[in-house]
Every structure is written in structure tokens, then in C-alpha cells.
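Quick notes on the structure that follows.
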Amino acid sequence: MKKSDLYWLAGLLEGEGSFTKGNPSSPNQPRISLQMTDEDIVARAAELLGRKPYSHTDRRQKMMGWKQTYQVSLRGTKALEIMRTIRPLMGIRRRAQIDSAIASYSPDYGLIITQKQVRDIRRLKGKMMAVDVAKKFAISKWYVYKIWQNKNRC
């Protein structure tokens, strides 16, 4: 993705997107979502995310005379990659959403970090602050806390 496209996407998602944990039936599927009435904007975002946009209009929207909405979403490891890439470009609230979504990702379904890195992170408990460990391993501080509390099965 070109740098200009990355910045455009980050700006759009900052204002109109959402970053969420996977739902209970598929907890390992953190999601990036975008919904708006501008078809061309959603189409461009969908292209950058490697997805196809879809339209959605329910009965209530039709009855109220609202515009048709267009959506795109991306789940799983591809969503995690995008989240990690754009996180430094986001504001405080979106970073917190991204951190929460990343922390919800279970290494049981695919490793974010290696087993050796998990052991190294555990050894740093009490020696470094979680935020510094997170920066060192390019993960969220919430994931560091999860490792320190032995809430993962690595």
C-alpha cells in the first residue's frame, strides 16, 4: 500500500471506522469496520483492504427515508496487520480500540509472537514497565499484561 493511501485510510478509519474484538463465537477474529453513505469512499477503502464493499438498507431505514449505506469489514490476521500498521497514526480513543482488539487475539489460533518472545516477556515482569515491553516486542501493553498474568497458553 502506498504511503498516501495508508494515511488516507487511517484518516478515514479515525473518523468513521471501528476496531473491535472478535465476537464470542469467533474470538480470534478482531475486526475493522466501516459504514457510511458515500459509496465511492467505501469502495476505495474496500479496495485498499482487499475486500469488496456491500450495501445495506433495512426496513427501518427505508421507512424513515434514510440514504442507503455501504459497508466494508476485514477480520482476523489481515485486520491485525492493518491495525498494527495504522496504530501510530491514530488518536488516543482509536488506539485504545486497536489495543483491545489486538489483545483479544488468541495465540492458540495463530501466534502473534514466538514462544521464545513470550518467555522473554515473562522474564521482564518487574524489570520493565508493560508499555516499554510492548514497544520492544511491537505488541499492545494489554497483551503484555495477559502474558504476565499467564492468561495465554504459550
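The values are calculated or read from the model by the stated rules, or taken from the named source; none is laboratory data. The structure presented is a predicted model; accordingly, all values stated were derived computationally and were not measured. Ideal geometry is used to build each Cβ from the backbone, glycine not excepted, and the neighbour counts take in all protein chains shown.
With respect to Arg84, is the statement that it is closer than 21 Å to Ser33 by Cβ and assigned by TED's automatic domain parsing to the domain that holds Arg31 true?
yes
Quick check: anything in the stretch 102-109 modelled with pLDDT under 90, more than 22 Å from Phe19 (Cβ to Cβ) and either surrounded by fewer than 16 Cβ atoms within 10 Å (Cβ to Cβ) or among the charged types (D, E, K, R) (or both)?
Among the residues of the stretch 102-109, not one is modelled with pLDDT under 90, more than 22 Å from Phe19 (Cβ to Cβ) and either surrounded by fewer than 16 Cβ atoms within 10 Å (Cβ to Cβ) or among the charged types (D, E, K, R) (or both), which makes the answer no.
How about the stretch 55-81: which of its residues are in contact with a strand residue (DSSP E or B) (Cβ under 6 Å, 6 or more places away or on another chain), within 17 Å of Thr20 (Cβ to Cβ) and among the β-branched types (Val, Ile, Thr)?
Passing the criteria: only Val72.
Kindly check whether there is at least one residue in the stretch 6-22 that is more than 18 Å from Ser100 (Cα to Cα) and buried (at least 17 other Cβ atoms within 10 Å of the Cβ).
The answer is yes, given that some residue of the stretch 6-22 is more than 18 Å from Ser100 (Cα to Cα) and buried (at least 17 other Cβ atoms within 10 Å of the Cβ).
Does Ser55 satisfy the criteria of being farther than 17 Å from Trp142 by Cα, out of contact with any His (no Cβ under 6 Å at 6 or more places or on another chain) and small (Gly, Ala, Ser)?
In short, yes.
Name the pairs whose Cβ atoms lie under 6 Å apart, with the first residue in the stretch 5-17 and in the same structural domain as Leu89 (by TED's automatic domain parsing), the second surrounded by fewer than 16 Cβ atoms within 10 Å (Cβ to Cβ) and among the polar types (S, T, N, Q), and 6 or more positions between them or separate chains?
none
Tell me yes or no: at least one residue of the stretch 90-101 is of a type in the set (Asp, Glu), within 15 Å of Leu9 (Cβ to Cβ) and in the same structural domain as Lys21 (by TED's automatic domain parsing).
No, the conditions are met nowhere in the stretch 90-101.
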